[in-house]
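This report refers to the structure that appears directly beneath it.
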Amino acid sequence: MAISGKTCVCAVIGDPIEHSLSPAIQNAAFNALNLDFVYTAFRVKPSEVVNALAGIHALGIVGLNVTMPHKEAVIKCLDWVDETAKFLKSVNTIHCKDGKLLGYSTDGIGALKALKENGADPHGKRVLMFGAGGATRAIAYALVQEADELVVLNRTVSEAQKLAESLKKCGKKIIVDSLSPDVIEEKISDVDILLNTTSVGMKPNINQSLIASNNLKSDLTVMDIVYNPFETQLVKDAKAVGAKVVNGVEMLIYQGAASFEIWTGQQPPVQVMRKAALEQLNRG
């Protein structure tokens, strides 16, 4: 990669940020298409978000990904926000275009695309989701456009109720309940797709799972948005019973692919991005 005074700069901001796979994924994509772009990572403290966005604007940085804990805080710094990001009150992609900072959310798009591209179209299906945080909200908003029914389980039921209330205008059936073993066992029996949108199973707690392996079934699709480890305990258990599985790297890739397209206007090389993500994970 030859960097010059003409090279377009993109980056990801968050705190912490050292674990991010995005630089490896996006730089591989830029290189594959011979684009004069480079992607890096900046650790930004919450108290410095406004200054960081002003600097990005002043420096002419073309594209930005935003990760925790800044997805809400950046909105006040933007000139325009798309309808999805506005609804979610969360932005994970920024495009600096014609002197304006434009905000998007590609989290839900990434999850929906990951399911569809792996043979698990949620259209007309019944979907069970674990969690009610920011990731769940984005994914639920995308899924509720296509699925027939969402079942949202969360340790704090009131948070799941807030999510259901916000999605009510979509006109789909949304059920909420507690994220407890008994409820999970009851609800899992007649769903088509299960999504874990919590951090349970993330490294270093790689042996944790919210559902007992004997409650999984072969005709289920299981997606875990945790991508480190590559195969969580939930994914391993689902594979063992013959269920279709979609791991967290897929969502990461497709949300990154959507950002890539926003910045460059070109179709992203998804296979290249996936290969780069897996190589980075294998390096630990």
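The values are calculated or read from the model by the stated rules, or taken from the named source; none is laboratory data. Since the model is a prediction, treat every value here as computed from it, not as a measurement. Don't worry about glycine lacking a Cβ; one is built from the backbone with ideal geometry, like all the others, and counts go over all protein chains shown. Surface accessibility is based on the protein's heavy atoms, side chains included, excluding ligands, DNA and RNA. Shrake-Rupley method; radii C 1.70, N 1.55, O 1.52, S 1.80 Å.
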So, in nm, how far is label Ala2 from label Leu59 when the simple model puts each one 7 Å beyond its Cα toward the Cβ?
2.4 nm
Label-point separation (nm) for Ser199 and Ala240, each offset 7 Å from Cα along Cα-to-Cβ?
2.6 nm
Counting only protein heavy atoms and a 1.4 Å probe, tell me what percentage of region 155-255's accessible area is made up of carbon and sulfur.
46 percent
Compute the angle between helix 270-282 and the longest alpha-carbon principal axis of the chain, please, reported from 0 to 90 degrees and rounded to the nearest 10.
80 degrees
Binned Cα-Cα distance frequencies in region 47-96 - 10 Å width, integer %:
26, 62, 13
So the angle from the long Cα axis of helix 22-32 to the longest Cα principal axis of the chain, reported in degrees to the nearest 10, equals 60 degrees
Please compute the modelled spin-label separation between Asn207 and Leu33, points set 7 Å along Cα→Cβ, answer in nm with one decimal.
4.4 nm
Just for the chain, what percent of DSSP beta bridges are antiparallel, to the closest 5?
20 percent
What is the projected area of the convex hull of the Cα atoms of region 1-76, averaged over all directions, in nm²?
5.1 nm²
Once phi for every residue in region 245-250 is put through the Karplus expression 6.51 cos²θ - 1.76 cosθ + 1.60 (θ = phi - 60°), the whole-Hz ³J(HN,Hα) values, with Gly and Pro written as x, are 10, 10, 8, x, 4, 4
Along region 127-139, Karplus-curve 3J(HN,Hα) (6.51, -1.76, 1.60; θ = phi - 60°) to the nearest Hz, with x for Gly and Pro, reads 10, 10, 10, 9, x, 8, x, x, 5, 4, 4, 5, 5
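Step by step: find N for region 128-284, compute 2.2 N^0.38 Å, then divide the Cα radius of gyration by it. What's the final number? Please list the in-between numbers first.
Details: Rg = 16.1 Å, N = 157, 2.2 N^0.38 = 15.0 Å.
So the Cα radius of gyration is 1.07 times the expected 2.2 N^0.38 Å.
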What whole number of Å gives the distance from the Cα centroid of region 178-223 to the Cα centroid of region 83-122?
25 Å
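For Lys169 and Arg43, compute 0.36 nm times the residue count separating them, minus their Cα-Cα distance, and round to one decimal in nm. Intermediate results must be reported in sequence, preceding the final value.
Values: separation 126, 0.36 × 126 = 45.36 nm, distance 3.74 nm.
Going from the current span to full extension adds 41.6 nm.
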When only alpha-carbon atoms count, how far does region 188-259 stretch along each of its three principal axes, as whole angstroms with the largest first?
37, 26, 17
Relative compactness, region 227-283, computed as alpha-carbon Rg over 2.2 N^0.38 Å
1.31
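Any chance you could tell me what percent of the C-alpha pair distances in region 161-212 go past 13 Å? Can you show the working numbers first?
Working: 919 of 1326 pairs.
Above the 13 Å cut-off, region 161-212 has 69 percent of its Cα pairs.
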If the chain between Lys116 and His19 were fully extended at 0.36 nm per residue, the gain over the current Cα-Cα distance would be 32.2 nm
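State the extension gain, in nm to one decimal, for the chain segment bounded by Met68 and Glu146, taking 0.36 nm per residue of separation less the distance between their alpha-carbons. It would help to have the intermediate numbers written out before the result.
On the way: separation 78, 0.36 × 78 = 28.08 nm, distance 2.72 nm.
Taking Met68 through Glu146 to full extension adds about 25.4 nm, to one decimal.
Go ahead and estimate [θ] at 222 nm for the chain from helices alone: -39,500 (n - 2.57) per DSSP H run with n ≥ 4, summed, over the residue count, rounded to 500. Walk me through the numbers on the way to the answer.
Values: 10 runs with 104 residues, N = 284.
Dividing the helical sum by the residues of the chain leaves -11000 deg cm²/dmol.
Over the alpha-carbon set of the chain, divide Rg by the Kirkwood Rh and report the Rg/Rh ratio to two decimals. Spell out each step's value before the answer.
On the way: Rg = 18.9 Å, Rh = 19.4 Å.
We get a ratio of 0.97 for the chain.
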Please determine, in degrees from 0 to 90 and to the nearest 10, the orientation of helix 107-117 with respect to the longest principal axis defined by the Cα atoms of the chain, where the helix direction is its Cα long axis.
60 degrees
Kirkwood Rh in Å, taken over all unlike Cα pairs in region 51-195:
16.3 Å
